[in-house]
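Novice: Mind looking over this structure? Questions follow.
The values are calculated or read from the model by the stated rules, or taken from the named source; none is laboratory data. Here the structure is a predicted model, which is why all the values come from computation and not from measurement. All Cβ positions, glycine included, derive from the backbone under ideal geometry; neighbour counts span all protein chains shown. The area values use the complete protein model at the heavy-atom level, side chains included, leaving out ligands, DNA and RNA. Shrake-Rupley method; radii C 1.70, N 1.55, O 1.52, S 1.80 Å.
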Amino acid sequence: MHAKPMFEAVNDAYRVSSESYVQLLIERFNGTSMKEDRSVIEHVNKLSIIAKELATLGNPIPNRMQVSTILHSLLDSWEPVVVALNLSSTLVTMKNLPILLGVEAERSQKENH
């Protein structure tokens, strides 16, 4: 039996913990729902940070999947907005999603006051 060189042992251990961390991030990205006390922009930013971290670790989430996951993670009260965005001729991307949702949040806030 030959012992692994120290570098290989550390590298193998890091890879396993790294894969576990990637899995945790994927589960967090897919399983995060918007909280009642959080603004839509905060929610989008939280999920964007997770997606960017996954990309940094070599596991990028395609733009369309990010948009879809975020839209489906919004509160039920956002359902009309989600439907409108899905039916819109506007291409929704991670660049314009926060803007589109922010405009809608402002409009909704003005209506309720």
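Novice: Take E36 and H72, extend 7 Å from each Cα along the Cα→Cβ direction, and tell me the distance between the two endpoints in nm.
Specialist: 2.5
Novice: In the set [x] 1.06; [y] 1.43; [z] 1.26, which value of Cα Rg over 2.2 N^0.38 Å was calculated from the structure you see?
Specialist: Calculated Cα Rg over 2.2 N^0.38 Å: the matching label is [y].
Novice: If you don't mind, another one. Do the sum for the chain: with -39,500 (n - 2.57) for every DSSP H run of n ≥ 4, divided by all residues, what is the mean residue ellipticity at 222 nm, to the nearest 500 deg cm²/dmol?
Specialist: On the way: 5 runs with 77 residues, N = 113.
Calculated at 222 nm, the ellipticity per residue is -22500 deg cm²/dmol.
Novice: To continue, here is another question. Please name which of M34, P62, N45 has its Cα lying farthest along the dipole of the chain towards the positive end, using unit charges on Cβ (Lys, Arg +1; Asp, Glu -1) and the Cα centre as origin.
Specialist: Result: P62.
Novice: For the chain, what is the accessible area per residue in Å², given a 1.4 Å probe and the full set of protein chains? Could the numbers behind the result be given before it?
Specialist: Details: 8120 Å² over 113 residues.
For the chain, the solvent-accessible area averages 72 Å² per residue.
Novice: I would also like to ask the following. May I ask you to give the percent of accessible area on the stretch 37-113 that is carbon plus sulfur, with a probe radius of 1.4 Å? Write out the running numbers ahead of the final one.
Specialist: On the way: 2810 of 5050 Å².
Carbon plus sulfur share of accessible area: 56 percent.
Novice: Mean Kyte-Doolittle of at least -0.5 and a Cα length of 18 Å or more along the axis: which whole DSSP H helices of the chain meet both?
Specialist: Working: long enough: 6-31 (37 Å, -0.12); 40-56 (24 Å, 0.59); 97-111 (21 Å, -0.22).
Span-like helices, by this rule, are 6-31, 40-56, 97-111.
Novice: Still on this structure, please answer the following. Sequence neighbours fewer than 8 away in the same chain don't count; with that in mind, list the aspartates and glutamates whose C-alpha is under 12 Å from K35.
Specialist: Cα-Cα hits under 12 Å: D76.
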